[in-house]
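The values are calculated or read from the model by the stated rules, or taken from the named source; none is laboratory data. Computed from a predicted structure; not experimentally measured. Cβ sites come from the backbone with ideal geometry, for glycine too, and all protein chains shown count toward neighbours. Please note that ligands, DNA and RNA were not included when accessible areas were found on the heavy atoms of the full protein model with its side chains. Shrake-Rupley method; radii C 1.70, N 1.55, O 1.52, S 1.80 Å.
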Amino acid sequence: DLVLRVVVGLTIVAHGYNHIFGPGGIQGTAGWFASMGLRPGIVHAWASGLIELAAGAGLAVGLFTPFSAGAIIGIMVVAGMTAHRRNGFFIFKPGQGYEYVLMIAVVCLAIATFGPGYASLDHAFTIDDNLDGWLGGLIALVLGVVGSAGLLVTAWRPDPPKPAGGQ
């Protein structure tokens with residue numbers, strides 16, 4: 001439990017940090033998000049970066065684990081739909097397929113379902129007594145899927161496909 005939570009959580013923290021402070025900074029991330037149809041790009045860049053920092057840290061330390069996992073699932077669903085779905089399954093395909101974001105989402109669902117383990121803040125504060133098992137998994141799944149669906153319905157406006165033949 002501990003190793004999985006820490007590795008996935010810190011990977012997501014690093015991803016969020018890169019969205020905000022990496023090459024191109026928040027403006028570069030905003031432009032990339034806008035190019036995929038997430039409008040306004042700057043709002044989504046900040047939201048994604050900050051949620052990844054908070055949810056990744058929460059997952060790593062095992063705090064409110066189903067909610068941290070659910071936030072990460074939501075981000076992975078949005079990334080899968082907006083950036084990776086059209087590129088097929090495999091990550092090594094041009095444009096990168098959705099296998100990576102799918103695996104992160106499924107691992108987060110498993111962590112939420114099986115619980116954060118004894119070496120977690122949820123356990124130290126006895127939060128896991130109420131949020132382990134299927135309830136934890138259900139919270140993460142609903143939060144991730146409903147949250148991402150709401151975001152996509154309200155803010156995803158991709159450019160229409162260009163007609164064949166350059167017309």
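Selection of the range 7-30 for residues being over 28 Å from Pro116 (Cα atoms), open to solvent by 20 Å² or more (accessible area, probe 1.4 Å) and in contact with a helix residue (DSSP H, G or I) (Cβ under 6 Å, 6 or more places away or on another chain) yields only Ile26.
For the range 56-101, a residue qualifies if it is among the aliphatic types (A, V, I, L, M) and more than 23 Å from Trp156 (Cα to Cα), and the qualifying residues are Ala57, Leu59, Ala60, Val61, Leu63. For the range 1-36, a residue qualifies if it is of a type in the set (Val, Ile, Thr), in contact (Cβ under 8 Å) with a residue 24 or more places away in the chain and closer than 18 Å to Ile75 by Cβ, and the qualifying residues are Val8, Thr11, Ile12, Val13, Ile20.
Rundown of residues vs (1) open to solvent by 50 Å² or more (accessible area, probe 1.4 Å); (2) under 17 Å from Leu38 (Cα atoms); (3) touching a Lys or Arg at 6+ places or on another chain (Cβ under 9 Å), yes/no style:
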| site | (1), (2), (3) |
| --- | --- |
| Gly74 | no, yes, no |
| Ala83 | no, yes, no |
| Leu102 | yes, no, no |
| Ser120 | no, no, yes |
| Pro163 | yes, no, no |
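Within the span defined as the range 130-148, every residue fails to be under 19 Å from Val78 (Cα atoms), loosely packed, with under 14 Cβ neighbours inside 10 Å and touching a strand residue (DSSP E or B) at 6+ places or on another chain (Cβ under 9 Å). The sole residue among Gly37, Gly49 that is in contact with a strand residue (DSSP E or B) (Cβ under 7 Å, 6 or more places away or on another chain) and open to solvent by less than 20 Å² (accessible area, probe 1.4 Å) is Gly37.
Scanning the range 95-116 turns up no residue that is of a type in the set (A, V, I, L, M), at pLDDT 95 or above, part of a loop (DSSP other than H, G, I, E, B) and within 14 Å of Asp1 (Cβ to Cβ). Return a yes/no flag: does the range 13-21 have any residue that is of a type outside the set (Val, Ile, Thr), in a loop (DSSP other than H, G, I, E, B) and in contact with a Gly (Cβ under 8 Å, 6 or more places away or on another chain). No: zero hits. Hey, any hits in the range 62-72 for a residue that's of a type in the set (Ser, Thr, Tyr), more than 26 Å from Gly37 (Cβ to Cβ) and under 16 Å from the mean Cα position of the chain (by Cα)? Looking through the range 62-72, at least one residue is of a type in the set (Ser, Thr, Tyr), more than 26 Å from Gly37 (Cβ to Cβ) and under 16 Å from the mean Cα position of the chain (by Cα). Every listed requirement among (1) more than 19 Å from Trp156 (Cβ to Cβ); (2) modelled with pLDDT under 95; (3) over 15 Å from the mean Cα position of the chain (by Cα) is met by Gly136 save one, (2).
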